[in-house]
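The values are calculated or read from the model by the stated rules, or taken from the named source; none is laboratory data. Computed from a predicted model, the values in this text were never measured in an experiment. Each accessible area value is taken on the protein alone, full model and side chains, heavy atoms only, with ligands, DNA and RNA left out. Shrake-Rupley method; radii C 1.70, N 1.55, O 1.52, S 1.80 Å.
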Amino acid sequence: MPPRIDTPTTTTEARSVTLLEHTMKLPENAAFATRCIHAGQVPDPTTGAIMTPIYQTSTYVQDGPGVHKGYVYARGHNPTRDAVQRNLAALEGATHGVCFSSGCAAESAIAMCLEAGDHVVCSDDVYGGTFRLFDKIFRRFGLTFTYVDMTKPAAVRDAITDKTKLMWVETPTNPMLKLIDIRAMADIANEFVGQGIAVVVDNTFATPYLQQPLSLGADMVLHSTTKYLGGHSDVIGGAVLTSSDDWHKRLAFVQNAAGGVPAPMDSFLLLRSTKTLHVRMQRHVENAITIANLLANHPSVEKVYYPGLESHPQHELMKRQMRGPGAMISFVVKGGLDKARRLLKATKLFACAESLGGVESLIEHPAIMTHASIPKEQREALGIDDGLIRVSVGIEDIDDLCNDLRAALDA
Ligand SMILES: *Cc1c(COP(=O)(O)O)cnc(C)c1O
């Protein structure tokens, strides 16, 4: 039995009525772009304000003890947060959304739903912070993890034990842009009937515009909303979207009990950002395809990793599983570390910074920056060598981006 949310049942009832109203406002077959802009929101009932207000409050006045409007204390519920949770759920085709103060807090919430002794099968190429969280924190609390190359389904099946409760998938991976077949992973989890292995997909790199894991059989989708969903490099956040009532209950309990909630202002920024997600992603992808071709044809570039290139070993899987190849590109420059350092100093528009998914283009060196905490041998085994560079292609004018990168490569 999952733990119950420790707020009065009136709260839950009031909230599900509101959710129903919101759902009914949108035509059931509303397309993605329409859902981006409208899902989960109605004009403010008090003033008619078209934008959901920032409910910057910690508590709510009650008409008498226990008599309230469904809102009691803001760790438990906040209307701005509720709106963005409904919006993100609608984008992933989920019935429930639970938001957190960061992507890592969202990951922690999923892990906190497990019990000591439970086992997780995890992709060997996950985001470094995910590996650190599992290895340095949750392992101490008795969870066990096996890291496998999820491009090999047989290896995944072999890693499953009778204690396995979760399969943790991240696709495309970072920074090697490998793809994992989500449907194949869900099929393997389903072979172990009765064991209830939940499949989680970290969909941060693809966004629901390009990839919808729930429709491919996943049970939960996780986002660092810091990246494309926020999209403007000005907010840290995380979310879990699911259509499982059971997982929703457990996650909502942890959200309130452990308290890693997003602030009202951050919820508002995210809600505002998703309104343009479809337009931004379209331009991100268009620009990235052009940049990937430029790199693939440049004499100073040894190799390009981008699922949109026909040379990518999983190009066919990309076409089957995604609506487009995304806007993250990794490549190896000839001349190793020295050339890589010079390139990162030479670009003017591409800013040398960690993170990704904002409107501005970024360039970084995984071995020195984002992936420095991974031991050198393991880095090299994954393909992260000293000449490897990762770019997050923004939505600036494509000619300006090409000129900047070309000039820096030629320098
Ligand atoms: C950034 C990132 C995270 C962690 O999210 P934060 O918001 O930084 O806590 C998790 N997964 C992926 C793929 C990421 O890129």
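From the alpha carbon centroid of region 193-235 to that of region 315-374 is 21 Å. In this structure region 20-274 gives 40 Å² per residue of accessible area when probed at 1.4 Å with all protein chains present. Counting protein heavy atoms only, the chain has 55 percent of its accessible area on carbon and sulfur, 1.4 angstrom probe. Counting only DSSP beta bridges whose two residues both lie in region 20-274, roughly 40 percent are antiparallel. Legend: residue pairs 275/345; 227/345; 165/376; 178/227, Cα-Cα distance threshold 28 Å; pairs beyond threshold, 275/345; 165/376. Rolling a 1.4 angstrom probe over the protein heavy atoms with all chains in place gives region 277-410 an accessible area of 45 Å² per residue.
Taken along its three principal axes, the alpha carbon spread of the chain comes to 73, 52, 36 Å, from the longest extent down to the shortest. Estimated from helices alone, the mean residue ellipticity of the chain at 222 nm is -11500 deg cm²/dmol (sum of -39500 (n - 2.57) over DSSP H runs with n ≥ 4, per residue).
Each part gets one Cα centre, and for region 243-270 versus region 382-407 those centres are 35 Å apart.
Available extension along the chain between residue 320 and residue 155 is 57.2 nm, counting 0.36 nm per residue and deducting the alpha carbon span.
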